[in-house]
Structures are given as structure tokens and as C-alpha cells.
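Below is one structure, written out as C-alpha cells; the observations come after it.
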């Protein structure tokens, strides 16, 4: 883990403020609208203590750190929070650099050299922009390997403060079931979000599953209501640990452990020397 000293970068535009901690996994420390917290505030020292952090070059777990494709396997590093599995890629475990910044925008960059358990070199970029509707985060990955295509996916890991009236609203008829280690094993029908109606957090406590979504996800509470999504949305991972004062709704571009099962789609690959951009948003409803 190569987190550096957390030196904050503050963005502000149209009543929104966003406090960034580039050296702490490229994380967001706080996001507010009109002075009210949209995400929980947290200043580290680890990304999991912050308000949000990026997921790349994959989201969720890869079983036993074994990335598989077409009869080949690559061993990835197990993450301390998910042993024996790999978790959420490298982006949140590395310090990012500020490449550009203005009042309401920032560009953060991180370059991976092909070591540390991920055999493809790549360059990662976050372009964060505040506007009247909220926050947009474009995640761009450039495959620096001149010969091999690289599997890749992204997502966001925002933390919301749990309030008595917190809810999640989505249209999702399936979820991924998990084993005792948290690894997704199979997709099954699930009625939790099938009606599209808001679901109080009291009914979601204890869940740690990926739901296959047919559109953006709405999250609300005493602080207001926001919509999470993006053009590449596959679904969202709901993490609502029982007894905690927070919950997470994580938009992601691919199924959990898709890379471990060798179940990548064509859209989950970046060609040699090519790049791909995923745009995610968190907007006021």
C-alpha cells in the first residue's frame, strides 16, 4: 500500500463542494450541496475511511486472486480486507497525482508499471467536475502494454451516512449470491428491488451483494436525494453492514468476479496501446 500524506484539494461550483485526497487512493473526503453532506465525511487515513474512492482496473472481488481467460491464469495480490481474494483493483491502494485543477474541476492521475500482481502496465485518470446537477467522474484507463489486450472495468465506492429515513430505489430483478468469504458465486432472482419502489435501509441491513440494475439507482435520506449511474452501468453493489452508521451503493461496469470466472465481455477489454473512458455521475434528483 502506497498511500501518501493526505493533502486535500477543494473543488466548489454551483452550490456543490468536493474535498479530494489525491494521495489517499484518489479518494473523496467530502461531498456537500448547499452546505448539506451528500456523502459521509471522512479524511482517511485509509480510503475506506473516506466518502468515496474509485474502483479500477476492476470492481469487487476476483476469486483467490486468479484472473482467468481462454485457458490462461494470472495471479493477483490478495487484498488484506478480502483475503484470499483480490479486491477493487489498484487505484484505491495507490497515491494519485494532481495533473490539473480549477475551481470546480480536477484531473488526477496514477501510473501502474505492470508489477504488484497486475501484469499489464496502464495509466489511470480521474476527471472530476462539479456542476449545477452534481458530480461527474470520468475514469480513463490506457493500456500501456504494446502487445497484449488488458481486461478492465471500473466503478465508484461512495459511502452514505445512514439516517432513519435512508432508502435505495432501483429496478433490479437479479442479484449475485455470495459464499462466506464474500465471493460472488451465482446469479439468482431477487425481489428486493423488483417493483422499482423505494426500499428503506432497515430492510437492507446485512446485505453485501451486487444487483443487476436496469437503470440508475436513487439514494435518499434526510440530506436529500441523489441518482447514481453511468452509460456503462451493469449494476450496483449494495454494502449495508448491520450495526454500521453508513451504507454503500457502488455503481459498477461488470459482474462481480467476472474476471475470476473468465466471463469477460468484449467491452471488458482494452486493446494494446488503446484507452477506454467510463463516465459515472452522482446527481441531485
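A few comments on the model shown:
- Single residue of the range 84-101 satisfying the filter (part of a loop (DSSP other than H, G, I, E, B) and modelled with pLDDT of 95 or more) that is farthest from residue 10 (Cα to Cα): 84
- Within the range 32-52, the set of residues being part of a loop (DSSP other than H, G, I, E, B) and either out of contact with any strand residue (DSSP E or B) (no Cβ under 6 Å at 6 or more places or on another chain) or in contact (Cβ under 8 Å) with a residue 40 or more places away in the chain (or both) comprises 34, 35, 38, 39, 40, 42, 44, 45, 46, 50, 51.
- Residue within the range 8-31 that is under 28 Å from residue 133 (Cβ atoms), surrounded by fewer than 21 Cβ atoms within 10 Å (Cβ to Cβ), in contact with a strand residue (DSSP E or B) (Cβ under 6 Å, 6 or more places away or on another chain) and modelled with pLDDT under 95 present: yes
- Screening the candidates 104, 134, 65 for the property of being at pLDDT 95 or above, crowded, with 18+ Cβ neighbours inside 10 Å and closer than 20 Å to residue 228 by Cα yields one hit, 134.
- Tally, over the range 202-222, of residues that are touching a strand residue (DSSP E or B) at 6+ places or on another chain (Cβ under 6 Å) and under 14 Å from residue 240 (Cβ atoms): 7
The values are calculated or read from the model by the stated rules, or taken from the named source; none is laboratory data. Predicted model only: the values in this text are computed from it and were never measured. Cβ coordinates were reconstructed from backbone atoms using ideal geometry, including for glycine residues, and neighbour counts include every protein chain displayed.
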